[in-house]
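The values are calculated or read from the model by the stated rules, or taken from the named source; none is laboratory data. Quick caveat, the model's predicted, so the values are computed rather than measured. Cβ sites come from the backbone with ideal geometry, for glycine too, and all protein chains shown count toward neighbours. Note: accessible area is taken over every heavy atom of the protein model, side chains too, but ligands, DNA and RNA are not part of it. Shrake-Rupley method; radii C 1.70, N 1.55, O 1.52, S 1.80 Å.
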Amino acid sequence: GMSALAQGAFPNPIQKVGDGRFEIAMRMTGAFGQPFLLGNPLLVNFLSPLLGQDLMRLGSVTAVASFPGAEMQHIHRDHQQLFHEFAQIGPALPLYAVNVSIPMIDIDAVMGPTAIWPGSHRWSEKQEATPQLGMASIPFQRGDAVLMDYRTMHTGMPNNSQTVRPILYLVYTREWFFDDNNHRGRAPLDISLEQLQLLPTELGMLMMRAFQQQVRARQMSRA
């Protein structure tokens with residue numbers, strides 16, 4: 001059923017991102033539209049000095065659901081190194097985007113947590129990651145928040161359970177960065193103008209660029 005939905009008309013909030021894995025642009029109503037989630041004070045106070053005080057933006061709000069039987073996802077970065085044609089530049093640059101992973105259920109080793117390669121944000125594009133080369137994977141629980149440099153090599157481990165494994169992803173970026181690789185032609189979140197206007201002013205500014213990208217995707221679909 002999810003595979004069929006992922007074939008829907010452009011722009012589609014559901015995208016297949018692996019065997020039995022689907023990324024969903026979350027409809028930001030109810031719990032998913034709460035200021036405490038989107039602009040959590042603990043997260044904002046930690047990330048703002050790293051991404052630019054008062055300039056940080058929320059780039060996307062999505063969830064990835066891994067279904068029972070899903071195999072190990074392809075190993076990847078969320079975005080290639082900037083200026084990747086110059087091998088020494090991208091890995092040396094400071095942080096420009098952070099992916100915050102929030103499990104919606106407790107996730108054990110059988111269910112398939114996310115595996116990462118610590119330090120791989122400093123690797124060149126030519127350096128490959130393999131399961132035998134320094135991979136780290138640990139279970140995590142509801143209430144956890146795993147922060148990952150956008151350049152870090154990672155993968156979703158196989159889901160060998162009988163339960164769908166949903167993880168919410170909030171991407172926070174510097175003001176000038178937007179991930180047009182993963183969100184080209186599709187909305188990075190799902191929120192109406194009316195909902196946006198109800199948010200506190202500071203949170204509206206945090207989200208404005210992603211909202212504009214959502215509008216752009218919808219306009220492209222009508223072209």
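Scanning the range 76-91 for residues that are more than 21 Å from the chain's Cα centre (by Cα), closer than 21 Å to Pro118 by Cβ and among the aliphatic types (A, V, I, L, M) turns up just one, Ala87.
Please note which strands (runs of 3 or more DSSP E) are completely contained in the range 30-144 and include at least 3 residues that are open to solvent by less than 20 Å² (accessible area, probe 1.4 Å), touching a residue at least 60 places away in the same chain (Cβ under 8 Å) and not aliphatic (A, V, I, L, M). Ranges flagged: 57-66, 97-103. Residue count for the range 61-75 under the criterion of being among the aromatic types (Phe, Trp, Tyr) and under 14 Å from the mean Cα position of the chain (by Cα): the result is 0. In the range 169-189 there is at least one residue that is among the small types (Gly, Ala, Ser) and in contact with a helix residue (DSSP H, G or I) (Cβ under 7 Å, 6 or more places away or on another chain).
For first residues located in the range 190-206 and more than 21 Å from Tyr169 (Cβ to Cβ), partners that are of a type in the set (Gly, Ala, Ser) and in a helix (DSSP H, G or I) and lie 6+ apart or on another chain with Cβ distances below 8 Å form the pairs Gln197/Gly204. Only residues that are surrounded by 14 or more Cβ atoms within 10 Å (Cβ to Cβ) and either modelled with pLDDT of 80 or more or among the hydrophobic types (A, V, I, L, M, F, W, C) (or both) were counted in the range 196-205, giving 4. Here are some residues: Ala31, Ala70. Which one is under 17 Å from Leu168 (Cα atoms) and of a type in the set (A, V, I, L, M)? Every option except Ala31 fails the conditions.
For the condition among the basic types (Lys, Arg) and over 23 Å from Met153 (Cα atoms), what is the one hit in Arg27, Arg21? It is Arg27. Restricting attention to the range 124-135, does a residue exist that is β-branched (Val, Ile, Thr) and either at positive phi or in contact with a strand residue (DSSP E or B) (Cβ under 9 Å, 6 or more places away or on another chain) (or both)? No: zero hits.
Looking across Leu147, Leu170, one residue alone is under 18 Å from Ser101 (Cα atoms), at pLDDT 90 or above, under 15 Å from the mean Cα position of the chain (by Cα) and open to solvent by 50 Å² or more (accessible area, probe 1.4 Å). It is Leu147.
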